[in-house]
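Enquirer: Starting off with a structure, shown below.
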Amino acid sequence: MLLTTAPDTPPLPTTAAAQILNLLLPHHRTTDRARAAAEAFPRQLRPITDFVREGAPIVFTLPGFPCKSPNPAKTLGHLPDMGERLSLAFLDTLCTEIARIHPPGARVVICSDGHVFGDLIRVPDAHIDAYADELRALIRESGLHRLSVFDLRDVLGDLPHDAKRAHVHDRYAPTLDALRAEVRTDAPTLALYRGITRFLVEDTADFHGTRSALQRECRRRAYGVIQRSRAWGALIADHHPRAVRLSIHPQPAGAAKFGIRLLDAPDAWTTPWHSAALREPDGTWTLMPRATAQQLGRLVHRDGRPSHFERSDAGGQRSAATARR
């Protein structure tokens, strides 16, 4: 005989875990062609089920939000803008929606990794500090209490940045030979390597050599970025061992990490820190390079800084003074 749960009975942990994962699936960042069902993600369902059984808030870790791309054709500056503001609000809303299924709710630990890669991506450490500090301020001022920021300062304090990077690399990073072998034999790792190489090429605004020389240098740096990324992931796992691991990179169903899309973008690799936000006439938002966005709309300031673009043909155009909200 099939038994059903009474309407006023809390859902069974396994059922609640699947419902929670179903909230994430519409935002799954992946290159898979078909959308997978919740059952295809056992490596996420297991820890979510454990949190539900314990009646504890579900903890997600999300490496990302490192710093703005140094290429002025892609971003509006070195500080967070509307792209980050919208992404943070999205993550907080997702936690709120989870609380409707699982009353203890959820929280997201944003593992800001700019200092991990600063020397490889050619961004000054002072800009990385300013970016992470502004993220914390945005979270605090917007009342996004389900979010927090974790970075190398929380682990290694006031050590010099180069010393922090060396410590993380030496303790956690895979060897270069092992990584090169993986790139040759594993399709997802090869796709990641190519994607990071492309970003490094695009983000380089002041290279004075030939295009082929730039590509060679970026391929070399891409290996370093992946090594540091693996090291940062291992460090995060040490400090947040039970958390559900999210990723801003595309991930296939069943992977250890769940890829999550923060905002709409034409490319599965686009992030708020590699782009600018464009507000469409219908109120929706799209991420794209600054150079593209400024051809489609006008620049809007917020708190005295460039914030985003607004498509010029939006209905009921507001005055510049109104737009500078």
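Enquirer: Only one of these conditions is not met by R33: (1) without any contact (Cβ under 8 Å) to a residue 12 or more places away in the chain; (2) outside any helix (DSSP H, G or I); (3) within 16 Å of the chain's Cα centre (by Cα). Which number is it?
Expert: Result: R33 passes all but (3).
Enquirer: Just to be sure, is T30 open to solvent by 20 Å² or more (accessible area, probe 1.4 Å), of a type in the set (S, T, Y) and on the phi < 0 side of the Ramachandran plot?
Expert: Working: open to solvent by 20 Å² or more (accessible area, probe 1.4 Å): yes; of a type in the set (S, T, Y): yes; on the phi < 0 side of the Ramachandran plot: yes.
Yes, satisfied.
Enquirer: Here's something else I'd like to know. Is there any pair with a first residue in the range 175-192 that is on the phi < 0 side of the Ramachandran plot and acidic (D, E) and a second that is in a helix (DSSP H, G or I) and open to solvent by less than 60 Å² (accessible area, probe 1.4 Å) whose Cβ atoms are under 8 Å apart and which are 6 or more apart or on different chains, and what are they?
Expert: E182/T189
Condition check ((1) open to solvent by 20 Å² or more (accessible area, probe 1.4 Å); (2) in contact with a Cys (Cβ under 6 Å, 6 or more places away or on another chain); (3) without any contact (Cβ under 8 Å) to a residue 40 or more places away in the chain) across all residues:
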position	(1), (2), (3)
D50	yes, no, no
T61	no, yes, no
G64	no, no, no
E97	yes, no, no
H102	no, no, no
P124	yes, no, yes
S142	yes, no, no
R146	yes, yes, no
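Enquirer: State which residue is farthest from V201 (Cα to Cα) when the search covers only the range 266-279 and only residues that are part of a loop (DSSP other than H, G, I, E, B) and either open to solvent by 30 Å² or more (accessible area, probe 1.4 Å) or in contact with a helix residue (DSSP H, G or I) (Cβ under 7 Å, 6 or more places away or on another chain) (or both).
Expert: The residue in question is P266.
Enquirer: Something else: Filter the range 155-170 down to the residues that are without any contact (Cβ under 8 Å) to a residue 24 or more places away in the chain and either touching a Cys at 6+ places or on another chain (Cβ under 7 Å) or surrounded by fewer than 15 Cβ atoms within 10 Å (Cβ to Cβ) (or both) and list them by number. Break it down into steps so the answer makes sense when it comes.
Expert: First, pick out the residues of the range 155-170 that are without any contact (Cβ under 8 Å) to a residue 24 or more places away in the chain: 156-160, 163, 166-167, 170.
Once the filter is applied, which keeps residues that are without any contact (Cβ under 8 Å) to a residue 24 or more places away in the chain and either touching a Cys at 6+ places or on another chain (Cβ under 7 Å) or surrounded by fewer than 15 Cβ atoms within 10 Å (Cβ to Cβ) (or both), the range 155-170 yields G157, D158, L159, P160, A163, A166, D170.
Yes/no matrix, rows are residues, columns are (1) modelled with pLDDT under 95; (2) surrounded by 19 or more Cβ atoms within 10 Å (Cβ to Cβ); (3) of a type in the set (V, I, T):
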residue	(1), (2), (3)
R198	yes, no, no
E202	yes, no, no
G209	yes, no, no
S212	yes, no, no
R216	yes, no, no
A231	no, yes, no
I236	no, yes, yes
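The values are calculated or read from the model by the stated rules, or taken from the named source; none is laboratory data. Bear in mind the structure is a predicted one, so any value in this text is a computation, not a measurement. Neighbour counts run over all protein chains shown; Cβ positions are idealised from the backbone, glycine included. Note: areas computed on protein heavy atoms with side chains; ligands, DNA, RNA excluded. Shrake-Rupley method; radii C 1.70, N 1.55, O 1.52, S 1.80 Å.
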